[in-house]
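Q: A single structure is presented below for examination.
The values are calculated or read from the model by the stated rules, or taken from the named source; none is laboratory data. Since the model is a prediction, treat every value here as computed from it, not as a measurement. Cβ placement follows ideal geometry from the backbone for every residue including glycine, while neighbour counts extend to all protein chains displayed.
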Amino acid sequence: MRNNVSGAGDVAALLQRARAGDRGALGRLLTLVERSDEATAEVQRHVDVGAPGACILGITGAPGAGKSTLVGALLRHALGAGHRVAVLAVDPSSPFTRGALLGDRVRMSPGGLPAADVFIRSLATRGQEGGLSHAAQTCAAVLAACGWPWIIVETVGAGQVEVDIAATADITVVVLNPGWGDEIQAHKAGMMEIGDIFVINKADRPGLMDTRRHLELLLSSRGADAPDVSIVETVATGGQGIEALWREVMACKAVLFTRAPSLRRRRRLEHLLGDALDAHVAARMQRLLSSEAGAGAVARLDQGSAHLPELVDELVAAMFQPPDGTKPD
């Protein structure tokens, strides 16, 4: 296995140390999950990825909404109230280093509050579609296994409000700004489905009431059976509205953890299983395309001696053929 971890014993030892409070071991586990699908699978063999206990708070919204500043303000408030909080900040990947561009997370600094009660980690998207790192859910599971009761996941904000955060988070906060009527309209379907709490950040700017009315109108069209959601106005740079937002988060947690714990677990496991299957099939497909059979298929397509659909069928059959060459049942 890559990344200087040779097998199950090393992962188990790292996990044991991380559970005992070794931040270096925790950081190495998260690095493994980020960098290698094989290492991710090894970590998943030692962690109950759907275990209850931690509350995962997802923060999403379009670029410029002030998500990092809001996360920083929430973090300071939670720490001040005596909570222990881990943050996974999913950042764009550098095309040169493939690392997280915003790794310093200056805007989230808890500033003077107990360092033992906070853990902040950036995760790179590696160029994936959407704003949520493929590794984020497993990293959240590792943090939960190591005793972090609150985990905040901030998404990139890749030009739209991402819906994949809802499969990872227990509570999803959608961040907007005044004057974003068109932005709300453009992404209303996804927002109406994923948002538990809507935050109008930078509420000291013009257009606040128009944006709030527009949002309330869209939320009212969801139907009588839709769960209740709340709208909170904040100015994260000055801390205004953060206490009210935290109250809404706590109220939402109380409802979710008492009324629908099994539903949350099933949703998360379904998403994790789908991601694992996607990664496994993609790896097999890449190996096949790089093989003699893949090169032969490309040559036949280039020569016009075979059509694309039949080549796809042949390669899919080859991809799932057992190693001994026999055909699957």
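Q: If you scan region 149-192, which residues turn out to be closer than 18 Å to Gly66 by Cα and at pLDDT 80 or above?
A: Ile152, Val153, Glu154, Thr155, Thr172, Val173, Val174, Val175, Leu176, Asn177, Pro178, Gly179
Q: Determine which member of the set Pro309, Pro323 is loosely packed, with under 14 Cβ neighbours inside 10 Å and at pLDDT below 80.
A: Answer to the selection: Pro323.
Q: Do we have any residue at all in region 51-59 that's part of a loop (DSSP other than H, G, I, E, B) and of a type in the set (A, V, I, L, M, F, W, C)?
A: Yes; the residues of region 51-59 include at least one that is part of a loop (DSSP other than H, G, I, E, B) and of a type in the set (A, V, I, L, M, F, W, C).
Q: Which ones in region 43-63 are at pLDDT 85 or above and either of a type in the set (A, V, I, L, M, F, W, C) or surrounded by fewer than 22 Cβ atoms within 10 Å (Cβ to Cβ) (or both)?
A: Selection gives Val43, Gln44, Arg45, His46, Val47, Ala54, Cys55, Ile56, Leu57, Ile59.
Q: Among (1) outside any helix (DSSP H, G or I); (2) at pLDDT below 95; (3) hydrophobic (A, V, I, L, M, F, W, C), there is one condition Val232 misses while meeting the rest; what is its number?
A: Exception for Val232: condition (2).
Q: Then there is this: Could you grab me the full set of residues in region 235-249 that are over 15 Å from Thr172 (Cβ atoms), of a type outside the set (Phe, Trp, Tyr) and not in a loop (DSSP other than H, G, I, E, B)?
A: Scanning region 235-249 gives Val235, Gln240, Ile242, Glu243, Ala244, Arg247.
Q: Return only the number of the condition from (1) more than 21 Å from Ile200 (Cα to Cα); (2) surrounded by 24 or more Cβ atoms within 10 Å (Cβ to Cβ); (3) modelled with pLDDT of 90 or more that Ala136 does not satisfy.
A: (3)
Q: Could you check Ala73 against (1) at pLDDT below 85; (2) buried (at least 18 other Cβ atoms within 10 Å of the Cβ) and say which number it fails?
A: (1)
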